[in-house]
Amino acid sequence: MPPCAKRVPSIKTIPCGRRFLLALGIAVFLLVFPNGAHRTFAADWSPLTERLAADGFNRQEVEALFARPEVVFEPDAMTGKIKELLRGRSAEPASLAATLRNVVRQSYLSRWVIARAQAYALANRSILEEIRRRYSVPKEIVVSILLIETRLGQATGNRCVFNRLASMAYCTDLESIRPYLDAALLTEENDAFLRRRCREKADWAYDELKALLLFADRGSTDPLGIRGSMYGAIGLCQFMPSNVFSYGVDADRDGRIDPFSKPDALHSIANYLKEHGWRKGLNREEQHRVIFAYNHSTVYANTVLAIAEKIRKRI
């Protein structure tokens, strides 16, 4: 054996206690990742690059982007969506709606959380007052949404948004993610539903991927450097990339809409609400309906209004 070579110990030379821990670790890995071989799956991105090229993106630039080692297929992006769809389909809509009608996420209503939100509102009262005058959206509503979305701008997400959207856009057929789903979830009864919804979500992700590339290009930003949520929302306001173009506001007048900039993000939240029907004098039910458009969750809208009420009372 060459003097620089290291001898790899055989299993027999490993002490009994360590052998047990090794065996236990392997067993846990197999339980958690029964399809471990699929975790290193290398996607064939060519259909996606061809589609982008056909839609006007520079072919060489797109191919070079997908060839970078940071670009990896992340199947949990689409499998997470599929599982959400199945959970929503299995629940009885009427009974679920009745259950959630008054549910509020209590963790956001603790004294110290509300105190933080109040302090944020006071520290940013100038920009929030400007927003109230321009969009008729009260400061406590904007702050409440920012609190839930990103903990007042402190947690904007650490996922590579490009990988999340590209992975979902890649999964145009249910077969592409079948190996990553529990077989018990896939039945004859829901097969047609899942195939249709998988395709729809892939098309949605593709449109968002295009918007992300345009957003990165306009800001001279590396698209692989943009971080966000598990499903691709970005910035303090957690907009999907397409919403940056539809509802984003260049509030600081620097020539670009930046959802990671506080002025742009806060104005964008209010602009989104205004464009979805917010106006002065709405009753609670009408306010709930507009906030629901921001995040399609009854509990979310309930919680925003509950936080806003507590902030309003403290201020």
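The values are calculated or read from the model by the stated rules, or taken from the named source; none is laboratory data. From a predicted model like this one, the values you see are computed outputs, not experimental measurements. Cβ atoms come from the backbone with ideal geometry, glycine included; neighbour counts cover every protein chain shown.
Here are a few things to note about the model shown:
- Test result for residue 220, polar (S, T, N, Q) and within 17 Å of the chain's Cα centre (by Cα): no
- Taken over segment 191-218, the criterion of being surrounded by fewer than 19 Cβ atoms within 10 Å (Cβ to Cβ), touching a residue at least 24 places away in the same chain (Cβ under 8 Å), among the charged types (D, E, K, R) and farther than 17 Å from residue 45 by Cα is satisfied by 197, 218.
- Subset tally (residues that are touching a Leu at 6+ places or on another chain (Cβ under 8 Å) and free of Cβ contacts under 8 Å to residues at least 24 places away in the same chain) for segment 157-190: 2
To keep it simple, each residue is scored yes or no on (1) within 30 Å of residue 83 (Cα to Cα); (2) buried (at least 18 other Cβ atoms within 10 Å of the Cβ); (3) modelled with pLDDT of 95 or more.
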position	(1), (2), (3)
247	yes, yes, yes
252	no, no, yes
257	no, yes, yes
315	no, no, no
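- Subset of segment 252-281 that is among the charged types (D, E, K, R) and not in a helix (DSSP H, G or I) - its residue that is farthest from the chain's Cα centre (by Cα): 280
- Qualifying residue in segment 266-282 (condition: over 26 Å from residue 84 (Cα atoms), touching a Ser or Thr at 6+ places or on another chain (Cβ under 9 Å), surrounded by fewer than 19 Cβ atoms within 10 Å (Cβ to Cβ) and acidic (Asp, Glu)): yes
- Test: residue 177 is within 20 Å of residue 48 (Cα to Cα), at pLDDT below 95 and surrounded by 14 or more Cβ atoms within 10 Å (Cβ to Cβ): yes
- Criterion: modelled with pLDDT of 95 or more, surrounded by 15 or more Cβ atoms within 10 Å (Cβ to Cβ) and farther than 25 Å from residue 81 by Cα - qualifying residue of 167, 261: 261
- Residue 129 charged (D, E, K, R) and under 30 Å from residue 304 (Cβ atoms): yes
- The set of residues in segment 40-73 being under 20 Å from residue 203 (Cβ atoms), among the small types (Gly, Ala, Ser) and surrounded by fewer than 12 Cβ atoms within 10 Å (Cβ to Cβ) consists of 46, 54, 56.
- Pair list, Cβ < 7 Å and 6+ apart or interchain, from segment 282-307 residues that are more than 23 Å from residue 151 (Cβ to Cβ) to residues that are of a type in the set (A, V, I, L, M) and in a helix (DSSP H, G or I): 284/305
- Identity of the residue in segment 104-126, of a type in the set (Val, Ile, Thr) and more than 23 Å from residue 277 (Cβ to Cβ), that ends up surrounded by the most Cβ atoms within 10 Å (Cβ to Cβ): 114
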